[in-house]
1. Hey, what angle do you get for helix 223-233 against the long axis of the chain, alpha-carbon based, 0 to 90 degrees rounded to 10?
2. Roughly how many debye, to the nearest 20, is the charge dipole of the range 215-379 about its Cα centre, given +1 on each Lys and Arg Cβ, -1 on each Asp and Glu Cβ, and no other charges?
3. Just for the chain, what percent of DSSP beta bridges are antiparallel, to the closest 5?
4. Report the one residue of Gly108, Ser23, Phe120 whose Cα lies farthest in the direction of the positive end of the charge dipole of the range 4-125 (charges on C-beta: Lys and Arg +1, Asp and Glu -1; origin at the Cα centre).
5. Expressed as a rounded percentage, what relative contact order does the chain have, with Cα pairs under 8 Å and six or more residues apart?
6. Only Lys, Arg, Asp and Glu count, each charged at its Cβ (+1, +1, -1, -1), so figure out the dipole size of the range 39-110 about its Cα centre, rounded to 20 debye.
7. Using the heavy atoms of the protein chains alone and a 1.4 angstrom probe, what is the accessible area of the range 4-125 per residue in square angstrom?
8. Note down the nm distance, to one decimal, between modelled labels 7 Å out along Cα→Cβ at Ser59 and at Ala149.
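The values are calculated or read from the model by the stated rules, or taken from the named source; none is laboratory data. Since we're looking at a predicted model, the values are computed, not measured. In this analysis, Cβ positions are derived from the backbone assuming ideal geometry, glycine residues included, and neighbour counts consider all displayed protein chains. Ligands, DNA and RNA are excluded from the accessible area calculation, which covers all protein heavy atoms including side chains. Shrake-Rupley method; radii C 1.70, N 1.55, O 1.52, S 1.80 Å.
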Amino acid sequence: MGSYRFGAKGFVTDSLLEPLLNSLPDIIHSVDKKGNIIFTNKKASHLLGYTHEELLSMSVFDLYAPEIRTQVKKGFAQLQEKGKMTFRESLLVAKSGEIIPVEIRSFGVYNEKGEFIRTFSMLRDIREMKEMRDNLMHAERLGGIGQLASCVVHDIHNPLMVIQLYTEMLLQDSSRYMVPESSDEVEEYLHQMQKASEKIQKLLNHLRNFSRKQSEVKETAKVNDLIGDALFMVMNKIINQGIRVERENEDKDYSTYGARIQLEQVLMNIISNACDAMKASDEKSLKISISKEKLNQNNYIKCAITDSGCGIPQGSIDKVFSSFYTTKKMGEGTGIGLSICNDIIESHEGKIQVESEFGVGTTFIVLFPEVKKTGKSKK
Ligand SMILES: Nc1ncnc2c1ncn2[C@@H]1O[C@H](COP(=O)(O)OP(=O)(O)O)[C@@H](O)[C@H]1O
Ligand SMILES: [Mg+2]
């Protein structure tokens, strides 16, 4: 049963119960008819920055942000009616002035005559949950942009076909349309137009593959081709930022087996992060190399992507693969890129690692299981 003692203001606590209440991750408190706090656990002091004694001399209404106190008082009055229980989100204000969003479950405690004696409430800090919810909403918005992209692909595809067709016709029958003095020049322009529209076509094909969920189909793929296509997808960032790209062993036809689009997505995410990391760097260099690697009897193609960017602080290196970990501003990062990369590479029985020196740069290493020519991965 445990022994009972009277806490401050006559609140009865159980000596066995108290350590349990103190170890809970939520604030537990009880207030009397007037709203005076008569019991709190340690989490209240921990979260709000008041000492236990300070809290026991305060009114519960002082714990709420001033602009919502009227609403809190209304809720408190409702709670005094027998059998009422309330559940709501609210905002606490810590001693430091920091506003803390919480989820509150409260109910009334009544005597034998049914008269209200006190409340009993559990308050959960929901800052992290709120942040995750915001991030998820942002990720959903990005998903929406993906869908929009697939519609846009169709709308661009058709007029592009017309441009390609007429360029081709002009080139094939150039003598009919051009005066001899300028035909060389015009032909050159037409070739440039052809090249540019081929680039657009390639980009559209990528976007379409991305949005079509063809991503699960597995095939043998040359790692250098995957790198080339991933680079192509982030070419905009590379050009805009003036990043120098160096490739090592670009001529090797080392192959892996997997869902091409997914593997390209991994490389694209890593390269895109590398570009972001170099935004403020004087030297902007991206090195991508591939080589063969044997690990625990398994053969891999190792792809190392090194940037000369800001680097990752030692204490954060373990977090980069966690979902929603981002150091980027809202709208610039979601923190899910690398966690998706990790899932994809794991499902392909590969490995992904990171080495970084803060202020110097970062290397991401992806090990793709090697296949010889065609067929299944060689284990
Ligand atoms: N090449 C890199 N250099 C420095 N930091 C990096 C690099 N790649 C990833 N990071 C860190 O890892 C975090 C998580 O990356 P990611 O999962 O792709 O999410 P996001 O790019 O949306 O922030 C980044 O916000 C950044 O702090
Ligand atoms: Mg990213």
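1. That works out to roughly 70 degrees.
2. It comes to approximately 340 debye.
3. Given both bridge residues lie in the chain, the antiparallel proportion sits at roughly 95 percent.
4. Gly108
5. Once normalised by length, the contact order is 10 percent.
6. Around 280 debye, computed over the range 39-110.
7. 55 Å²
8. A separation of 5.6 nm, rounded to one decimal place.
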